[in-house]
Amino acid sequence: MSDPGRTEDRIRVAVMGAAGRMGTTVCRAVLDAPDMELVAVVDPPHLDEPLENFGVAGTGLTLEMVGPSVKKAEPHVAVDFTNIDGARSNSRWCALNGVHAVIGTTGLTEGDVQDLTGLFDGERANAVVAPNFAIGAVLMMHLAAIAAPWFESAEIIELHHENKIDAPSGTAMLTAERIAETSTEWVPDPTQKHVLEGARGGKGPGGIPIHSVRLRGLVAHQEVLLGTTGQSLSIRHDSYDRTSFMPGVLLAIREVRNRPGVTIGLDTLLGFGAQPV
Ligand code: NAD
């Protein structure tokens, strides 16, 4: 029987993007988890700097490139919170080296997901890809999809911190996709005159308008607005702190080895809205 208290039974975790905002938070969460061990930290722009410089003390780990020395640390799972190019190359490395991947980096395209499906065949390694690891956000998407057939208008407003480089958020796109799967009956957009280009947002899956706000002080927030005759329903989720993503990330680290191939979305791991690719 495995005993998570024993070093040899712990899940060995490498963190990609370890010097970043999410990466440092993941490092702390892994260090606090009794059944996990942080064995490697990857962040090429900060090569050879101690992890300690980024506020994660006491590991003795130094930031490195993905490659032989990471392999030598024998990670079971690598967690990626980098950028789109980093996620593409790191996930390829994971698949080729038999390391399960938990990918939180957003902005992956449909083509990227197809590539991942080819790479993570369930034989050597699996992957969990989730644009949002906050359990409340996943519930927001699920509830929006349940409610959608009872409404004729739907719009999504996503609000993030001032450093987010992709828009709209992966969560907003996925929410629109989920809503479009359960309802296609929308009243047409009445706008005939666009006084300001983009005022009605971008059209997401199902033609659902998505509006992106970038504001200093915010972390990650989203509101789904659903309207019908004489009433509306707002479903809102707020992540006030990056620790909000950690229960979901830790769940994915624990579960990825049991999920052959590529699993998209935390909801599959939570037992609803299964969407394996
Ligand atoms: P950040 O810029 O603070 O951190 C990214 C880190 O990755 C940086 O330290 C950078 O040096 C490093 N990096 C760049 N290229 C790399 C590579 N090839 N290999 C390893 N490291 C590399 O960004 P952040 O706020 O931490 O966000 C990272 C990603 O996570 C973004 O795509 C963001 O949208 C996403 N995100 C996802 C969730 C979720 O729940 N899935 C939540 C928050 C953020």
Is the shape of the range 216-276 rounded, prolate or oblate, going by the alpha carbon gyration tensor and its root eigenvalues a ≥ b ≥ c, with a/c under 1.5 for rounded and a/b larger than b/c for prolate? oblate
Restricting to the chain, what percent of DSSP beta bridges are antiparallel, rounded to 5? 45
If you take the charge dipole of the range 139-277 about its Cα centre, with +1 on Lys and Arg Cβ and -1 on Asp and Glu Cβ, which of G230, I210, I253 is farthest toward its positive end? I253
Which one of P34, V219, S69 has its Cα pushed farthest toward the positive end of the charge dipole of the chain, where Lys and Arg give +1 and Asp and Glu give -1 at the Cβ? V219
Would you work out if the range 19-134 is rounded, prolate or oblate? Take a ≥ b ≥ c from the square roots of the eigenvalues of the alpha-carbon gyration tensor; rounded if a/c is under 1.5, else prolate when a/b is larger than b/c, oblate otherwise. prolate
So how far, in whole Å, is the C-alpha centre of the range 53-108 from the one of the range 160-179? 23
How large is the charge dipole for the chain, taken about the Cα centre, if only the Cβ atoms of Lys, Arg (+1) and Asp, Glu (-1) carry charge, to the nearest 20 debye? 100
Student exercise, the range 7-115 dipole from Lys, Arg, Asp, Glu Cβ charges, in Debye to nearest 20: 40
By the C-alpha gyration tensor axes a ≥ b ≥ c (rounded if a/c is under 1.5, else prolate when a/b exceeds b/c, else oblate), the shape of the range 37-88 is oblate
For the range 199-209, in order, what is each residue's ³J(HN,Hα) by Karplus, 6.51 cos²θ - 1.76 cosθ + 1.60 with θ = phi - 60°, in whole Hz (x at glycine and Pro)? 4, 8, x, x, 8, x, x, x, x, 6, x
Any lysines with Cα under 26 Å of the K203 Cα? List them, leaving off those in the same chain fewer than 8 positions away. K164, K193
Report, in degrees rounded to the nearest 10, the 0 to 90 angle that the Cα long axis of helix 84-96 makes with the longest principal axis of the chain. 50
Residues with amide H under 5 Å of V102's amide H, sequence separation 5 or more or different chain, H placed in the peptide plane at 1.01 Å from N; which? A78, V79, D80, V128
Among R214, R257, R178, the residue with the largest mean-square fluctuation in a Gaussian network model of the chain built from Cα contacts under 10 Å is R214
Among V128, I156, V13, which residue has its Cα positioned farthest towards the positive end of the charge dipole of the chain, with +1 placed on the Cβ of Lys and Arg, -1 on the Cβ of Asp and Glu, and the dipole taken about the Cα centre? I156
Where the accessible area of the chain is counted over protein heavy atoms with a 1.4 Å probe, how much of it, in %, is carbon and sulfur? 54
If you bin every alpha carbon distance in the chain into 5 Å steps from zero, what whole percent lands in each bin? 1, 6, 12, 16, 18, 16, 12, 8, 5, 4, 2, 1, 0, 0
Charge dipole (debye, nearest 20) of the range 77-141; +1 at Cβ of Lys and Arg, -1 at Cβ of Asp and Glu: 140
Give the angle, between 0 and 90 degrees and rounded to the nearest 10, that separates the Cα long axis of helix 135-147 from the longest principal axis of the Cα atoms of the chain. 30
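Counting only heavy atoms of protein chains, what accessible area per residue, in Å², does the range 108-208 have with a probe of 1.4 Å? Intermediate values should be presented prior to the final figure.
Numbers: 5280 Å² over 101 residues.
So the range 108-208 comes to 52 Å² accessible per residue, rounded to a whole number.
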Compare A127, A29, A137 in a GNM of the chain, Cα atoms joined below 10 Å, and give the one with the largest fluctuation. A29
Consider all pairwise Cα distances in the range 156-277 and report the whole-number % of them above 23 Å. 43
Karplus-derived 3J(HN,Hα), 6.51/-1.76/1.60, for each residue of the range 185-192, Hz, glycine and proline x: 8, 10, 5, x, 5, x, 5, 10
I want to verify a result. In a Gaussian network model of the chain, Cα cutoff 10 Å, which of these has the top mean-square fluctuation: E181, E162, E197? E197
Accessible area per residue, 1.4 Å probe, Å², for the range 1-106: what's the number? 46
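The values are calculated or read from the model by the stated rules, or taken from the named source; none is laboratory data. Values in this document were obtained by computation on a predicted structure and should not be read as measured data. Here the Cβ is made from the backbone with ideal geometry for all residues, glycine too, and neighbour counts use every protein chain on show. Accessible surface areas use protein heavy atoms only, side chains included; no ligands, DNA or RNA. Shrake-Rupley method; radii C 1.70, N 1.55, O 1.52, S 1.80 Å.
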